[in-house]
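Only one structure is covered here, and it is reproduced in the block below.
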Amino acid sequence: MNYSRLATKFASGNSLRSDVPLTDSQIMRVAPSIFAESEHESRSEQYTFIPTNLILDKLRQEGFQPFMVCQTRSRIEGMRDFTKHMIRLRHANQITGKQANEIILINSHNGASSYQMKAGVFRFVCQNGLVVGEDIADIRVKHKGDITGNVIEGAYEVLDTFDRVDESREAMQAVALSDEARHAFASAALTLRWDENKPAPVSPTQILRANRTEDVSNDMWTTLNCVQENLIRGGLRGRDAKGKRTTTRAVTGMDQDVKLNRALWVLSEEMRKIIA
């Protein structure tokens with residue numbers, strides 16, 4: 001693998017995704033809170049501070065490599081070095097293929113988050129990362145006690161769930177949806193992205209539209225990926241509640257991205273079970 005290739009920007013100035021493992025210098029430029037040297041002054045004496053970069057170094061020693069990082073923005077002066085951040089990692093045996101299973105590590109040093117680990121799937125063709133639903137992997141470690149050991153153990157627990165992730169993906173690929181079912185799925189997805197009291201500016205047909213020939217299929221997995229990509233990336237033209245022309249915005253907020261992705265996965269799994 002050629003590790004000299006450059007990383008590419010993903011979503012916003014506070015995010016970076018690469019097709020090769022990221023270096024510390026690359027990570028520092030977009031997510032300095034990962035390298036915080038202490039917790040925020042608002043934390044109590046009971047708070048155990050372990051810098052995320054130390055956890056990352058330990059995970060690297062265990063064969064996990066970072067391929068995407070981001071952190072949230074803050075309008076509070078001096079808070080940038082402590083805000084919530086996310087790292088998406090792959091284990092050495094999960095790097096090849098059309099999709100890559102990823103461990104999603106979330107943390108903060110200002111009390112906004114415990115250490116969290118979730119399962120994710122990255123699809124190379126559309127460059128978007130799905131977040132798997134809570135029922136498969138959602139591990140949380142409080143800022144107390146043996147944080148490093150518990151996070152490493154949690155990473156392996158998530159790694160052990162990847163067989164179930166693969167089974168779910170294969171099961172979705174095996175389910176063919178009727179036009180009516182695909183429309184119903186897209187309609188439900190729109191309510192996850194926009195408030196029910198505020199009509200979506202685009203139609204189910206628009207978010208079902210394939211952006212490449214390999215996505216022209218009616219199976220559940222491909223339908224999920226088309227809808228997810230169109231909702232996350234934005235750029236769709238429509239009309240707002242007042243009838244004015246508008247273009248949908250990309251989902252760039254870390255929390256919103258994770259929440260929407262997980263909700264779409266759960267929606268897909270439940271629909272698959274009903275149809276199967």
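Below, the figures for the structure above:
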{"quantity": "Partners for residue 144 among aspartates and glutamates (Cα-Cα distance below 14 Å; same-chain residues under 8 apart left out)", "calculated": "39, 45"}
{"quantity": "Protection proxy ranking, peptides 29-42, 106-119, average beta carbon neighbours within 10 Å, highest first", "calculated": "106-119, 29-42"}
{"quantity": "Dipole of the chain [Lys/Arg +1, Asp/Glu -1 at C-beta], most positive-end residue of 250, 165, 68", "calculated": "250"}
{"quantity": "Footprinting exposure proxy for 182, 123, 43, 75 (fewest neighbouring C-beta atoms within 10 Å first)", "calculated": "75, 43, 123, 182"}
{"quantity": "Neighbour-limited loop hits for GluC sites (Glu not before Pro), region 140-219 (at most 15 other Cβ within 10 Å; DSSP other than H, G, I, E, B)", "calculated": "196"}
{"quantity": "Net charge of Cβ neighbours under 10 Å - reference residue 245; Lys, Arg +1; Asp, Glu -1", "calculated": "+2"}
{"quantity": "Rounded to the nearest 20 debye, dipole of region 174-275 from Cβ charges on Lys, Arg, Asp, Glu", "calculated": "540 debye"}
{"quantity": "FRET efficiency, residue 166 to residue 76 (Cβ-Cβ, R0 51 Å, nearest 0.05)", "calculated": "0.75"}
{"quantity": "Among 201, 222, 176 - extreme Cα towards positive end, dipole of region 174-275, charges at beta-carbon", "calculated": "201"}
{"quantity": "For residue 102, distant residues with modelled amide H under 5 Å away", "calculated": "120, 121, 122"}
{"quantity": "Computed Kirkwood radius, in angstrom, where 1/r is averaged over Cα pairs of region 174-275", "calculated": "13.9 Å"}
{"quantity": "Amide H within-cut-off set for residue 219, under 5 Å, with H built and near neighbours excluded", "calculated": "177"}
{"quantity": "The chain, helix-only ellipticity at 222 nm - DSSP H runs n ≥ 4, -39,500 (n - 2.57), divided by all residues, nearest 500", "calculated": "-11000 deg cm²/dmol"}
{"quantity": "Per-residue Cβ neighbour rank within 10 angstrom, fewest leading, 271, 79", "calculated": "79, 271"}
{"quantity": "Pair residue 54, residue 35: separation of 7 Å Cα→Cβ label points (nm)", "calculated": "1.7 nm"}
{"quantity": "Cα centroid separation, region 191-220 to region 227-276 (Å)", "calculated": "7 Å"}
{"quantity": "Pairwise label distance in nanometres, residue 247 with residue 178, each label 7 Å out on the Cα-Cβ vector", "calculated": "3.8 nm"}
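A short reminder: the numbers here are calculations on the coordinates, not readings from a lab. Computed from a prediction, not measured in an experiment: that's the story for all the values here. Cβ: placed from backbone, ideal geometry, glycine included. Neighbour counts: every protein chain shown.
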